[in-house]
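> Right, I'll just put the structure down here and ask away after.
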Amino acid sequence: MRAFTPEGRDSPPGRIYVLKTRLFAGGIGVLAAATFALAGCGDNPQPSGTDSTPPPTSSAPQASAKEAFTNAVKKLQQQSSKAELKMDGMVAMTATTQTDPAGKKATSATEVNVSGVKVTTSILANNGEVWVKMTGVPGAPDKWMHVAADKVAKGSSLDLTKDQSTRLEASIVTVERDGASGFKGTLDLTKMGTVSEDLVKQLGDKAKALPFTATVDSQGRLSTMEIDLNGAMAGLGKMTTKYSAYGEPVNVTPPAASEVVEMPEQFLAALNKPV
């Protein structure tokens, strides 16, 4: 499990953080979300609220399981939302992200524990500008690291408002209904950008059919999603994401100038890559 293990103080700056960000992106959101989802700008916002009652019955033809689940995933990029992710197993991780795709705002707070090493990260994004603060990563400044909007690479770990729902949609292998408001099926982890390429190679074909379950609220929006990573490698655990606060404001207050430094080039190089 080298891909999940810190390699000491000589490791490339930000290596642990890159892994963590990719895992969160898978949570949409993810897996979403995000994360583990961190969504791009969208249209047609839905009414706010997190009603968890089953969808009302109707005499109209019911959408196929794949169509209904895909629509639930797409709603993550249509309005603001909150994603709370938890992962157990070899990597213990918690993450909370609030995203406003239309307003180009997002906040994220994560904690990862790997082999007794804890890494915490806070991220703020406002209209393209990004501020990152980390603890537990060798060489990371004590202050917030700032990245100007014109330096944030599209689709990178720093691009918090990118559309992760497209990757989740592409990763669906099978899906069927599970009760009035639930789904179950399998996902292809290799199409989600959730872990390092090295780990994907280690997992091989096992990563191409990981079981998942999900639920939606009465408006067809994701409420929960769980991916069982043990199917790929025993001990990886499960990744569970809860979604809420649809349509609610996301407030981002940039840190004071005295608490900010420009992100060092080595960190920018490590984090500013497509995931």
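Read-outs throughout are calculated quantities, based only on the coordinates presented, and are distinct from any laboratory measurement. Remember, it's a predicted structure, so these values are computed and weren't measured experimentally. Cβ: placed from backbone, ideal geometry, glycine included. Neighbour counts: every protein chain shown.
> Going down the list 66/184; 74/162; 86/238; 66/238; 162/191; 86/118, which pairs span over 18 Å between their C-alpha atoms?
Among 66/184; 74/162; 86/238; 66/238; 162/191; 86/118, the Cα-Cα distance tops 18 Å for 66/238.
> Distance in nm between label sites at residue 143 and residue 213, each 7 Å beyond Cα in the beta-carbon direction?
Distance between the two pseudo-spin positions: 4.9 nm.
> Calculated FRET efficiency, residue 111 and residue 259, Cβ-Cβ r, R0 25 Å, to nearest 0.05?
In this case the efficiency is close to 0.75.
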